[in-house]
Every structure is written in C-alpha cells, then in structure tokens.
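One structure below.
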Amino acid sequence: MIAKLTGHVAEKLGELVVIDVAGVGYGVLMSIEDQASSQVGGKVSTYVYEAIRENAHDLFGFKSRSAKDLFELLISVNGVGPKGGMAIMNLGRETSLRAAIAGGDTKFISGASGIGKKAAERIVVDLKNKVGLSASDSATAFLDDAPMDQQDEALQALISLGYSPTDASTALRGIDPKLDSKQRIKLALKADA
C-alpha cells in the first residue's frame, strides 16, 4: 500500500501530476487547488489514497492528511466513488467543504460533476456530524419537507407495505393530497418502481 509520496513533479498531464520518486514516475490525481501549488520541477509531498479496481489502479493525492481524511469520508457514502469524491474536493477549500456538509448546503455539494441532489443529501445525512464542525440544526431540514400526517390512509398503507415512515412520506411528496387514497398509493408505487 502506498501511503505517502515525496519527490519532484516531473510533469502535469491534465488532472494528473506525475511525481518522480527515485526514478519512478507515479501518476497521481490531485485536486485543482493541490495541482496549482505543485510546480513542475518542484518538490512535492502528498498523502495517497489508492483506488484499486479490476481494470484500474488510481492514486489520489492530497497535500494534507485532513484533506485525505475528508476524501475518505466522502467516498464512504453509498454512491460516491473516488472520482465523485475528487469532484467534490474540487469545489473549493477543505474548510468550505466541511462547512457546506455540516450546514446542509446540498446545492453547493451537488455542484460537483457527477453528484446529484440525492447524493448530496446522502452526503449531508451521513457526514454532517463527522466533518469536525458542529452540524447546523437545519442541516437535514430537507428531510422534513413533507410533514407526516399519521391519519393519512395512503401513508399508512405504504407503511404497511414495508416502507419506512420517512420513505412513505417521500413517496407521497408531490402527489396531490386531494386525490383519493387508492390513486395516491398507485401513483406513489408507480413513481417508486
């Protein structure tokens, strides 16, 4: 396992920085900010995350240990891979990213290439208390968009079908509450399929 590389920047190839370590060139994917501070011919030291898949062996580099830790938190979220994690890291400074996650700024997070609204919401829900900042009370307010009416027959029917109360409420969100319960259930099931 490669944990850290120290050497000289041999060249920059798009998002890839080639680091020469004792005559061996390692291609390391780095954030835009870290790339900008790495000059060809200059010395560089980077913490490395290795992503090994069947058809690829990618190295992701970070100037600080805390940036690597944030990246590892991001890719621990279901649906966020290393490329998506790096896209989020490219949104701005590490402190801004941590503040966006703790504050529930899904619009900012979904600005990353390949990260949609649902993934941004999942990131906030999973990581808001893990980024080292106090989570905002309203960080996950988007989960409460649809208040649950416990007397709603459609809601209760979906719960009896195995939906969690939150998932049932989400499935019914956007469906006209004036429709009869059977129609609302059909529409919710059809949209969820």
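The values are calculated or read from the model by the stated rules, or taken from the named source; none is laboratory data. These numbers were taken from a predicted model, which means no experiment stands behind them. Ideal geometry is used to build each Cβ from the backbone, glycine not excepted, and the neighbour counts take in all protein chains shown. In case anyone asks, the SASA skips ligands and DNA or RNA and just uses the protein heavy atoms, side chains included. Shrake-Rupley method; radii C 1.70, N 1.55, O 1.52, S 1.80 Å.
Computed values, structure above
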quantity: Flag if A112 is in contact with a Phe, Trp or Tyr (Cβ under 7 Å, 6 or more places away or on another chain) and either under 29 Å from L73 (Cβ atoms) or at pLDDT 85 or above (or both); calculated: no
quantity: Residues being basic (K, R) and over 20 Å from V9 (Cβ atoms) - total across segment 66-83; calculated: 1
quantity: Of residues in segment 71-89 being open to solvent by less than 10 Å² (accessible area, probe 1.4 Å) and assigned to a helix (DSSP H, G or I), the one farthest from L29 (Cα to Cα); calculated: L74
quantity: Any hit, segment 163-174, residues being part of a loop (DSSP other than H, G, I, E, B), modelled with pLDDT under 85 and over 22 Å from E121 (Cβ atoms); calculated: no
quantity: Residue, surrounded by the most Cβ atoms within 10 Å (Cβ to Cβ), within segment 43-70, restricted to residues that are of a type in the set (S, T, N, Q) and within 23 Å of K128 (Cα to Cα); calculated: S66
quantity: Selection within segment 100-117 - in a loop (DSSP other than H, G, I, E, B), under 10 Å from I88 (Cβ atoms) and among the small types (G, A, S); calculated: S110, G111, A112, S113, G114
quantity: Residue under evaluation G92, criteria (1) touching a Leu at 6+ places or on another chain (Cβ under 7 Å); (2) open to solvent by less than 40 Å² (accessible area, probe 1.4 Å); (3) assigned to a loop (DSSP other than H, G, I, E, B), criterion not met; calculated: (1)
quantity: Residues (of a type in the set (S, T, Y) and surrounded by fewer than 20 Cβ atoms within 10 Å (Cβ to Cβ)) located in segment 95-110; calculated: T95, S96, S110
quantity: Residue in segment 10-33 that is within 21 Å of G132 (Cβ to Cβ) and among the β-branched types (V, I, T) present; calculated: no
quantity: Residues of segment 11-66 that turn out to be among the hydroxyl-bearing types (S, T, Y) and part of a helix (DSSP H, G or I), as a count; calculated: 1
quantity: Search result, residues across segment 29-42 that are open to solvent by less than 60 Å² (accessible area, probe 1.4 Å) and either basic (K, R) or closer than 15 Å to M89 by Cα (or both); calculated: L29, M30, S31, D34, Q35
